[in-house]
Amino acid sequence: MPDRSRPTNAGPRRILLLTGASRGIGHATVKRFSAAGWRVITVSRQPFPEQCPWEMGPEDHIQLDLSDPAQTEQAIGEIRSRLEPDEGMLHALVNNAAISPKGPGGSRMGSIDTPIGDWLRVFNVNLFAPILLARGLVEELARARGAVVNVTSIAGSRVHPFAGAAYATSKAALAGLTREMAADFAPRGVRVNAISPGEIDTSILSPGTEKIVQEQIPMRRLGTPAEVAQAIYFLCTEASSYVNGAELHINGGQHV
């Protein structure tokens with residue numbers, strides 16, 4: 001087992017709780033925070049992938065189905081127990097997990113043809129899990145004067161050719177929830193912000209993305225997961241100490 005000790009004169013080890021860590025933006029976020037010396041506790045519905053490179057990954061991974069609110073609330077106790085050796089503090093919560101169901105052949109599911117079960121599952125993961133985790137761990141966040149970052153999407157502010165209706169509306173709701181949380185959590189010393197990625201070079205890109213890049217993105221390229229992770233890191237550190245209730249657009253100018 002790797003040595004998790006630190007010098008006796010070091011300050012408290014910073015801890016990140018990250019949902020949706022197994023690929024893309026989540027994977028890059030783990031690597032960015034780990035490189036800065038943070039302990040990273042990951043949450044996903046899959047077991048820990050052994051090919052992932054960060055130290056202590058398997059020990060600090062929680063397998064959890066965020067589409068089940070009862071299971072999400074039950075997991076709060078498990079998360080708290082993992083924070084106890086570090087003075088019960090949580091320095092950052094990044095709500096990155098999200099789902100976007102597709103129709104036959106990967107087609108976009110609109111507001112008319114999305115089954116109600118899919119609407120509920122999407123909102124449980126994309127909207128309700130973030131607030132359940134944040135309010136369940138508010139004391140641990142307050143103890144560390146920590147930060148919450150919710151990952152929204154450019155699809156939350158416009159109809160997107162690939163993102164489904166349930167996903168898009170859940171992300172719009174998450175942007176609104178971020179503002180509400182920023183007002184409610186700040187008096188406890190916890191900042192809450194959001195990042196809104198556009199077209200990022202991950203494994204879930206849809207065919208036709210290149211047309212969007214050439215016609216809608218002034219920078220004429222995709223973003224990288226590492227660029228998004230860097231923005232998340234900024235919002236979780238003292239560099240953004242007076243930023244609260246913001247939604248940071250990471251899309252190469254696609255929103256202008």
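The values are calculated or read from the model by the stated rules, or taken from the named source; none is laboratory data. The model shown is predicted, which means the values in this text are computed figures rather than measured ones. Neighbour counts run over all protein chains shown; Cβ positions are idealised from the backbone, glycine included.
Below is a table of values for the structure above.
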read-out: Whichever residue in region 153-187 is within 24 Å of Arg135 (Cα to Cα) and of a type in the set (S, T, N, Q) and, among such residues, is surrounded by the fewest Cβ atoms within 10 Å (Cβ to Cβ); value: Thr169
read-out: Residues located in region 111-129, provided they are crowded, with 22+ Cβ neighbours inside 10 Å and either over 18 Å from the mean Cα position of the chain (by Cα) or touching a residue at least 60 places away in the same chain (Cβ under 8 Å) (or both); value: Ala129
read-out: Selected residue [without any contact (Cβ under 8 Å) to a residue 60 or more places away in the chain, basic (Lys, Arg) and in a loop (DSSP other than H, G, I, E, B)] from Arg135, Arg108; value: Arg108
read-out: Matching entry among Val148, Val243, Val190 (being surrounded by fewer than 16 Cβ atoms within 10 Å (Cβ to Cβ), in contact with a Leu (Cβ under 7 Å, 6 or more places away or on another chain) and at pLDDT 95 or above); value: Val243
